[in-house]
1. In region 1-50, which residues are over 22 Å from residue 98 (Cα atoms) and near the ligand (Cβ under 9 Å from one of its atoms)?
2. Does residue 49 satisfy the criteria of being assigned to a loop (DSSP other than H, G, I, E, B), in contact (Cβ under 8 Å) with a residue 24 or more places away in the chain, within 12 Å of residue 10 (Cα to Cα) and polar (S, T, N, Q)?
3. Of the conditions (1) buried (at least 21 other Cβ atoms within 10 Å of the Cβ); (2) farther than 27 Å from residue 151 by Cα, residue 53 satisfies every one except a single condition; which number is it?
4. Taking region 68-93 only, how many residues are out of contact with any strand residue (DSSP E or B) (no Cβ under 9 Å at 6 or more places or on another chain) and touching a residue at least 40 places away in the same chain (Cβ under 8 Å)?
5. Give just the number: which of (1) open to solvent by 50 Å² or more (accessible area, probe 1.4 Å); (2) assigned to a helix (DSSP H, G or I) does residue 102 not satisfy?
6. Residues 6, 66: which one is surrounded by 13 or more Cβ atoms within 10 Å (Cβ to Cβ), in a loop (DSSP other than H, G, I, E, B) and either of a type in the set (Lys, Arg) or modelled with pLDDT of 95 or more (or both)?
7. Within region 123-153, how many residues turn out to be within 16 Å of the ligand (Cβ to nearest atom), surrounded by fewer than 19 Cβ atoms within 10 Å (Cβ to Cβ) and more than 15 Å from residue 57 (Cα to Cα)?
8. Give 96, 31, 59 a once-over and let me know the one that is surrounded by 20 or more Cβ atoms within 10 Å (Cβ to Cβ) and within 16 Å of residue 140 (Cβ to Cβ).
Amino acid sequence: MIKVMFVCLGNICRSPMAEFVFKDLVSKNGLTDMFLISSSATSSEEAGNDIHYGTKQKLREQGIPFTRRAARKFTTQDYNEYDYILVMENANIRGLLRIIGEDGEQKITRLKDYADGGDIADPWYTGNFDDTYRDVLSGCTAFLKYLKDRAVV
Ligand code: 4NP
């Protein structure tokens, strides 16, 4: 089982988008049984809250299934359990290090670094879920290719 955790600041906009986009890609590749895919936050700001309306709207528009969920903060247990911890931006790495201390097993990478590199803009601030979706999709597609190229899946 390959365990993948997407992380952002609040766990209501970007990381749930990445969770459901990646689940959809994995499903379309017939690989669902090989993965555990989840998402969480570096903060408790939105703990318990469902996905942001803008992310839901974008997922619906793209025909990507999603479930109701409750935002939650990343834990040290998550660090031990998950194999790949994919963050949206550099600030998320600093947030994770405040929780876990250090990335001793080098599990943390930036999602967009599997594609063209850089941070994924936070739609909470920009209001632009189109750019976020484009970056999340290209990052998730490139990450799945990375796993295939290395015969992980
Ligand atoms: P996210 O967006 O990290 O993509 O889920 C945010 C959600 C909430 C806040 C910031 C960013 N907030 O400050 O509450």
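1. 17, 49
2. Values: assigned to a loop (DSSP other than H, G, I, E, B): yes; in contact (Cβ under 8 Å) with a residue 24 or more places away in the chain: yes; within 12 Å of residue 10 (Cα to Cα): yes; polar (S, T, N, Q): yes.
Yes, satisfied.
3. Only one criterion is unmet by residue 53, namely (1).
4. Keep residues of region 68-93 that are out of contact with any strand residue (DSSP E or B) (no Cβ under 9 Å at 6 or more places or on another chain), which gives 68, 70, 76-77, 80, 91.
Next, from what is left, pick out any that are touching a residue at least 40 places away in the same chain (Cβ under 8 Å): 91.
Going through region 68-93 one residue at a time, the tally reaches 1.
5. Just one mismatch for residue 102, condition (2).
6. Working: 6 fails: in a loop (DSSP other than H, G, I, E, B).
None of the other options fit; the residue is 66.
7. Total meeting the criteria: 2.
8. On the way: 96 fails: within 16 Å of residue 140 (Cβ to Cβ); 31 fails: surrounded by 20 or more Cβ atoms within 10 Å (Cβ to Cβ).
So the residue among 96, 31, 59 that is surrounded by 20 or more Cβ atoms within 10 Å (Cβ to Cβ) and within 16 Å of residue 140 (Cβ to Cβ) is 59.
The values are calculated or read from the model by the stated rules, or taken from the named source; none is laboratory data. As the structure is a computational prediction, the values presented were derived from the model and not from experiment. We place every Cβ from the backbone using ideal geometry, glycine too, and count neighbours over all the protein chains shown. We work out accessible area using only protein heavy atoms, side chains counted, and drop any ligands, DNA or RNA first. Shrake-Rupley method; radii C 1.70, N 1.55, O 1.52, S 1.80 Å.
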